[in-house]
Amino acid sequence: MTRVFALIPAAGMGKRMGAGYNKQYLALDGMPIVAHTVRVFQEAACIDAIYLVSPEQEIPFCRSEVVERYGFTKVRAIVPGGAERQHSVHNGLRAIEGIAADDLVLIHDGVRPFVTAAMLEESVAAAQASGAAIVAVPVKDTVKVVREGVIAETPPREQLWLAQTPQAFRYGLIGAAHDEAAADGFLGTDDASLMERQGKPVQVVRGDYTNIKITTPEDMILAEAFLKEKK
């Protein structure tokens, strides 16, 4: 039987937030952002186990103030992060115990707290069928390619999507893609880009515009507004 593991990188330093400490621990409605995120995976029936990735020096704090405080029993380990997000994910992939090549891994940003159980289920189904899938939404605005301050082209908007997470993969595929990228010294913009680099197809699952990544003070204002709407 295929098992589903969640890998949640929360090792970012959050310099754009300007809060003086890591953004994943900022309080959103009295609860750390990352705790909101983990709770969705904890409560989702399709998720068997969760692995968190944190800066090494913050692992004790993450364990006591997130995992133990909120009773996240699916969390199997908190893994030390790396210099870049890709390195953190690679560390997390190598730390998952007992995983088989055909098992699935859902990689999700720790500061995307508005992911839904439906997104998780749809991502799992898509990855089971095709091996790789990401959540994304169509762009709303016209996008310009600019070179040296001048518009070079206007890509057709109907072909452009904004990548989100979760991004779901068969473990054997994403593990090999990360190993190859590490060996080549290649840094991608997301995990799907490592699969694309190998010429592997990645299916798109329709996401939601509320599934934001909280990285700036303006994002916190949006997040608080979304929470009010949910209440």
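Bear in mind that the values in this text are calculations on the coordinates, not laboratory data. What you are looking at is a predicted structure, and each value in this text was computed from that prediction instead of being measured. Note: ideal-geometry Cβ built from the backbone for every residue, glycine included; neighbour counts use all protein chains shown.
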message: Expected output is a single nm value to one decimal: the length gained when fully extending between M31 and Q203, i.e. 0.36 nm times separation in residues minus the C-alpha distance. What is it?
response: 58.6 nm
- request: Apply 1/(1 + (r/R0)^6) to the Cβ-Cβ distance of R3 and L160, taking R0 = 22 Å, and write down the FRET efficiency to the nearest 0.05.
  value: 0.05
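Give me the percent relative contact order of the chain, please, defined on Cα pairs under 8 angstrom at least 6 residues apart.
23
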query: So for the pair E84, R147, with labels modelled 7 Å out along Cα→Cβ, what separation do we get in nm?
result: 2.4
query: Per-residue HN-Hα couplings for the stretch 59-76, Karplus 6.51 cos²θ - 1.76 cosθ + 1.60 at θ = phi - 60°, whole Hz, x for Gly and Pro?
result: 4, x, 5, 4, 5, 7, 8, 10, 5, 6, 4, 9, x, 7, 6, 7, 6, 8
- line: Going residue by residue through the stretch 224-230, the Karplus relation 6.51 cos²θ - 1.76 cosθ + 1.60 with θ = phi - 60° gives ³J(HN,Hα) values, rounded to whole Hz and with x marking Gly or Pro, of 5, 5, 4, 4, 4, 5, 6
Rough spin-label spacing in nm, given labels placed 7 Å along Cα→Cβ, for E56 and T215: 2.6
statement: Set K74/K213; K140/K231; K144/K228; K200/K230; K23/K231, cut-off 29 Å on Cα-Cα distance; pairs above it are K144/K228; K200/K230
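Go ahead and estimate [θ] at 222 nm for the chain from helices alone: -39,500 (n - 2.57) per DSSP H run with n ≥ 4, summed, over the residue count, rounded to 500. Display every interim value, and only then the final one.
Numbers: 7 runs with 75 residues, N = 231.
That comes out to -9500 deg cm²/dmol.
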field: Amide H contacts of L28 (H built 1.01 Å from N, under 5 Å, at least 5 apart or other chain)
entry: I33
message: Under 19 Å from a point placed 7 Å out from the Cα of A117 along the Cα-to-Cβ direction: which residues of the stretch 60-85 have their backbone N that close?
response: 71-75
query: HN-Hα J couplings of the stretch 83-96 from phi, Karplus 6.51/-1.76/1.60, θ = phi - 60°, integer Hz, Gly and Pro as x?
result: 5, 10, 3, 4, 5, 5, 5, 4, 4, x, 4, 6, 8, 6
